[in-house]
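Take a look at the structure below.
Derivation of every value follows stated rules applied to the coordinates shown; laboratory data play no part. Because the structure is predicted, anything quoted here is derived from the model rather than measured. For neighbour counting, all protein chains shown are included, and Cβ atoms are generated from backbone atoms with ideal geometry for every residue, glycine included.
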Amino acid sequence: MKKKNLISIIVLIIGLIMLAVGLVFLIIKLTGGASIQDGEYLVEAGKWVMQDETNCENAEETNCELEGKVIWDFTEIGKGTLTTNNYTNDYSFIWAIEDGKLKIETDWLYPLENEYDYNINQGAGEMILTAGDETYHFTAVADEK
């Protein structure tokens, strides 16, 4: 009889520990920030500006920051526009995220198809794209509305 009581107490203690662990994870999940899918974030973040060595000294100067930059604007899920000359010329593109890759087809002077490994840091508003040996850094710039 003592053996059955000991096993019952051990099972009860393990059950209580598991209940406590479950409650801790539930509280963490409920209090954590609501993260959104990468595709939705690309659209909601605004314009994405490619960073290079010619950045302006003062990041507050939006026109200087965007002048002569590659700017991707993910306008809706699956569609967007890009410019390389501050909207003198806009080019349409379609995009998809599949198997951890960002795939983009651009209607440039001729059709371009690119596939990138991507890493999005939603907290910092940064996106890093990698294709072979090339790495591209983009920063989200909120739309002026």
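Structure summary
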item: Gap separating the Cα centres of the stretch 1-16 and the stretch 74-116, nearest whole Å; result: 62
item: Rule-of-thumb Rg ratio for the stretch 1-52 [Cα; 2.2 N^0.38 Å; N residues]; result: 2.35
item: Simple spin-label estimate for residue 6 and residue 23 in nanometres, 7 Å along Cα-Cβ; result: 2.9
item: Modelled FRET efficiency - R0 25 Å, residue 115 with residue 52, Cβ distances, 0.05 increments; result: 0.70
item: Rg to Rh, two decimals, where the stretch 67-126 supplies the alpha carbon set and Rh follows Kirkwood; result: 0.98
item: Prolate/oblate/rounded call for the stretch 105-145, Cα gyration tensor, a/c under 1.5 rounded; result: oblate
